[in-house]
Amino acid sequence: MRKVLNIIFTVLITVGFALLGAFVFRSSFIRLGYACKDFGLSVAFYFCEMFGISHSITPTVNTIPEVQLPQVTLPIDFDGFKDNSVQYFSLLFSSYNFNGWLSHISGVMADFAKILVIILPCIVAFIFIIKALYKRENNNHGKDTVPLRVFKRVAKYTYLPVKGFVKGYAVFIRENRWILICWIIMSALNLNLATIAVEFFAYYFFFAVAFEFGTVYTQFVKLFADFKTPFIYFPYWTLLFLIYPLFDRFRKRIATARLRHYEARNCGFINELPIVSLTCGSMGKKKTTAITDMALSQEVMFRQKAFDILQKNDMKFPHFPWILFEKAMQAEIESGRIYNLATVKCWVISLEERGELFGYDGGRYGLVYDNGLKEEGIYEVLSTYAQAYFIYIIESSLIVSNYSIREDNLLLDSGNFPMWLTDFFPTNFRRNSRHAHILDFDILRLGKKVLENNPNAGSFEFGVIGITEIGKERGNNLELQEKKKSADEANQKNDKFNSWLKMCRHSATVDNFPFIKVFADEQRPESWGADARDLCDIVNIASSSEQKLAMPFYTIGDMVAEWAFNRFIGLYYDFRFRRGDNTLLVHVLKSVTAWLWKRNIRIYNRYGYSVLNIEKERGTMDGKVSKKKYYLMNAKIYRKRFATDCFADYFNDMAMRTNVGLNDYREYLAECASVDELQAQNSYFINALYGLGGES
């Protein structure tokens, strides 16, 4: 049914355009006929002149046709235009004209004052009536007043169906863009715009060979006359629906470019960090947010670096059938025979043993690449290419962390070379998701393992490691005094985690680049033992800025949304305190305010950012600090990437096991605690004072 309505509405609009052309804009089509004649003669004149063909063609583009004469209001020749211009400006700046302008302004102001005198008392009376009505208190919880019920009933059968039809019809037009194109063409014909375009090309072909500058004024007169039709009949109100979307798209493009620039600066900062870094700061300084942001960026950079290695190794043997090599490798991955870099290397060795080159003509194109420093055999290049391809193509998160991180990178594969969509600021956000891998700390331990014979042990080769609250996991030197290396169970002194940190790049290096990065956070750098901390850079978050907006020209919109919200919210909760019912005025005001507020929030969520002021120093904490900035873009880091309360379920589980809540705790009976109330604190200090145990 809706499709039939869409078709009927489309036919009616099209017929409307046709009827306008037949009865209102008939002169535009006659003028178009003359323009086509001018164009044809100008083209013929152009080719005859260009190729030296004798002719008797007289171009008509420099003459004003009879159908256009009624629209010509300018002097026909340039001399007349100069004389009229002098007279016009002399009248424009005359005292008579100025006095007439003042008289007109005075009349307008007088009319406005009369309207204001009539409307102002009505507004004041309306405000007093509304205040009087809304001061009446009631407890009619959730009940609609009569005006609101009438409004909803009318909207149900008028506004809502029209809104639904308009939204559905907009989708229909987007799916059938040819309809919109036809309407644009018909509008251009009706409003004489097609004539202007044809006349431009007609004069272009004439002027290209004639070079008669004296004819320019004639074209100006004709153009001015042709523009009278659109100036008179063009529906200027439609510009609001055309100009504002274009303006909005323009400023959003600027905002997106700025966010991508900030992301590039972040990547530069991350590249300056060593393999291991520790981000520190007091509670609420966005430590975990920062390392999550870094991990997301680092994963994308690893994909890009792998792609870069593929491109460069491809050029070493440009005629090698790389796609056949890749397809063979994909088959090995799907069969489960290739699952890490070690198995990739073994597979290439097996190819070398069989002499498999996928039809590559080594005799013609060569089997050795000389880079000017050393020679590389083809299988050595294949091994490097295969390892980079495995890192690039693996359709899995490269992040392994002790808390969950969501990502939405998308691998596009049409059966040839796959490409990753990794832009954090696309026009339309991707809805696909995957999450980081659970960090089994045994994969990072070279010594004793918590789980004996852990099948995951020794499996980690490359990727991004994210560890929040690492000090609580690894402890500092003071906390580990009681731990013994000789203990039978795994602990921080015998698991050789620090040894892994020192050697982790060896398993992750491909083409001399280490595909590994460890991001950790803790409140104080001293919470992590010095042996491990000395390996890294410490990133201290000194402060975080207020929310900023990358989108320009939004000040007025922001001010309007904030003003509307602040003005409405006080009135709304005063109303909520007094009354429990729903009224028409509050319904309308809340709908408008909510629309402005939600739109403002979406803008800030999409184009907002904050700046972390960072002080970076070596893990040795030698006092040499460099100040940096790191940008947290809302659209990247706050799209359900992680939970700041990542250990909340531990406390939820404890709370669920009790039958007590905050409301059940004892309260003090007076301003000074009694002995019984002091002892109810179960305090070491209080117990020591009363000799009930603990230390003084």
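Is it the case that Asn266 is of a type outside the set (Val, Ile, Thr), closer than 30 Å to Tyr631 by Cβ and buried (at least 17 other Cβ atoms within 10 Å of the Cβ)?
Against the criterion (of a type outside the set (Val, Ile, Thr), closer than 30 Å to Tyr631 by Cβ and buried (at least 17 other Cβ atoms within 10 Å of the Cβ)), Asn266 qualifies.
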Over region 508-528, the set of residues open to solvent by 10 Å² or more (accessible area, probe 1.4 Å) and either free of Cβ contacts under 8 Å to residues at least 40 places away in the same chain or of a type outside the set (D, E, K, R) (or both) is Thr509, Asn512, Phe513, Pro514, Gln523, Pro525, Ser527
Quick count over region 447-474, residues being of a type in the set (S, T, N, Q) and either surrounded by 15 or more Cβ atoms within 10 Å (Cβ to Cβ) or outside any loop (DSSP other than H, G, I, E, B) (or both), is 2
Reported set for region 579-617 where residues are touching an Asp or Glu at 6+ places or on another chain (Cβ under 7 Å) and open to solvent by 70 Å² or more (accessible area, probe 1.4 Å) is none
message = When you scan region 100-112, do you find a residue that is under 30 Å from Arg26 (Cα atoms), of a type in the set (S, T, N, Q) and part of a helix (DSSP H, G or I), even just one?
response = no
Within region 618-653, restricting to residues that are among the hydrophobic types (A, V, I, L, M, F, W, C), surrounded by 13 or more Cβ atoms within 10 Å (Cβ to Cβ) and outside any strand (DSSP E or B), the one that is modelled with the lowest pLDDT is Met621
Residue pairs qualifying under the 8 Å Cβ cut-off, at least six apart or on distinct chains, with the first in region 347-372 being under 18 Å from Thr384 (Cα atoms) and the second being in a loop (DSSP other than H, G, I, E, B) and open to solvent by 90 Å² or more (accessible area, probe 1.4 Å), are Trp347/Arg337; Tyr360/His319
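Every residue, every condition in (1) open to solvent by less than 40 Å² (accessible area, probe 1.4 Å); (2) under 28 Å from Tyr46 (Cβ atoms); (3) modelled with pLDDT of 85 or more, yes or no:
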site: Ala210; (1), (2), (3): yes, yes, yes
site: Gly214; (1), (2), (3): no, yes, no
site: Leu223; (1), (2), (3): no, yes, yes
site: Trp237; (1), (2), (3): no, no, no
site: Leu240; (1), (2), (3): no, no, no
Would it be correct to say that Tyr369 is in a strand (DSSP E or B), at negative phi and of a type in the set (Phe, Trp, Tyr)?
yes
Leu549 - would you say it is more than 30 Å from the chain's Cα centre (by Cα), farther than 30 Å from Gly623 by Cβ and open to solvent by less than 60 Å² (accessible area, probe 1.4 Å)?
no
Apart from one, (1) part of a helix (DSSP H, G or I); (2) open to solvent by 40 Å² or more (accessible area, probe 1.4 Å); (3) within 30 Å of Glu263 (Cα to Cα); (4) out of contact with any helix residue (DSSP H, G or I) (no Cβ under 6 Å at 6 or more places or on another chain) all hold for Ala342; the odd one out is (3)
Residue match in region 247-270 (condition: in contact (Cβ under 8 Å) with a residue 24 or more places away in the chain, under 23 Å from Glu526 (Cα atoms), assigned to a loop (DSSP other than H, G, I, E, B) and β-branched (Val, Ile, Thr))
no
Counting only residues that are under 16 Å from Ile405 (Cβ atoms) and free of Cβ contacts under 8 Å to residues at least 12 places away in the same chain, region 619-646 contains a total of 1
Exercise. Would you call Ser297 touching a residue at least 24 places away in the same chain (Cβ under 8 Å), hydroxyl-bearing (Ser, Thr, Tyr) and part of a helix (DSSP H, G or I)?
Worked result: yes
Only one of (1) open to solvent by 10 Å² or more (accessible area, probe 1.4 Å); (2) touching a helix residue (DSSP H, G or I) at 6+ places or on another chain (Cβ under 6 Å); (3) closer than 28 Å to Ile405 by Cα; (4) not in a helix (DSSP H, G or I) does not apply to His319, and that is (3)
Filter region 433-444 for residues that are touching a Lys or Arg at 6+ places or on another chain (Cβ under 6 Å) and not hydroxyl-bearing (Ser, Thr, Tyr); the one that is most open to solvent (accessible area, probe 1.4 Å) is His435
Of the residues in region 654-696 that are modelled with pLDDT under 90, open to solvent by 80 Å² or more (accessible area, probe 1.4 Å) and more than 55 Å from the chain's Cα centre (by Cα), the one that is nearest to Thr468 (Cα to Cα) is Glu695
Going through region 488-505 in order, the residues found to be part of a loop (DSSP other than H, G, I, E, B) and in contact (Cβ under 8 Å) with a residue 12 or more places away in the chain are Glu489, Ala490, Asn491, Gln492, Lys493, Asn494, Asp495, Lys496, Cys504
Here the qualifying pairs (Cβ atoms under 6 Å; residues six or more apart or on different chains; first in region 1-24 and over 15 Å from Trp183 (Cα atoms) and open to solvent by 70 Å² or more (accessible area, probe 1.4 Å); second part of a helix (DSSP H, G or I) and not acidic (Asp, Glu)) come out as Arg2/Gly168
If we keep only residues of region 47-59 that are free of Cβ contacts under 8 Å to residues at least 24 places away in the same chain and part of a loop (DSSP other than H, G, I, E, B), then the residue surrounded by the most Cβ atoms within 10 Å (Cβ to Cβ) is Ile57
ask   = Can you spot a residue in region 70-93 that is in contact with a helix residue (DSSP H, G or I) (Cβ under 9 Å, 6 or more places away or on another chain), open to solvent by less than 90 Å² (accessible area, probe 1.4 Å), in a helix (DSSP H, G or I) and free of Cβ contacts under 8 Å to residues at least 24 places away in the same chain?
value = no
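Would you check if Asn566 is at pLDDT 90 or above, more than 38 Å from the chain's Cα centre (by Cα), more than 30 Å from Lys629 (Cβ to Cβ) and not in a loop (DSSP other than H, G, I, E, B)?
No; evaluated as a whole, the condition is false for this residue.
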Considering only helices (runs of 4 or more DSSP H) wholly within region 144-237, the ones with at least 3 residues that are without any contact (Cβ under 8 Å) to a residue 24 or more places away in the chain are 146-157, 159-175, 177-190, 193-210
Residue hits (region 1-46; polar (S, T, N, Q), more than 47 Å from the chain's Cα centre (by Cα) and either over 17 Å from Pro59 (Cβ atoms) or not in a helix (DSSP H, G or I) (or both)) are Ser27
Of the residues in region 516-531, those that are among the hydrophobic types (A, V, I, L, M, F, W, C) and assigned to a loop (DSSP other than H, G, I, E, B) number 1
### Query
Has region 532-553 got any residue that is in a helix (DSSP H, G or I), over 24 Å from Met283 (Cα atoms), touching a residue at least 12 places away in the same chain (Cβ under 8 Å) and hydrophobic (A, V, I, L, M, F, W, C)?
no
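The values are calculated or read from the model by the stated rules, or taken from the named source; none is laboratory data. Quantities reported herein were computed from a predicted structural model and do not represent experimental measurements. Neighbour counts run over all protein chains shown; Cβ positions are idealised from the backbone, glycine included. What goes into the accessible areas is simple: the full protein's heavy atoms, side chains included, and nothing from ligands, DNA or RNA. Shrake-Rupley method; radii C 1.70, N 1.55, O 1.52, S 1.80 Å.
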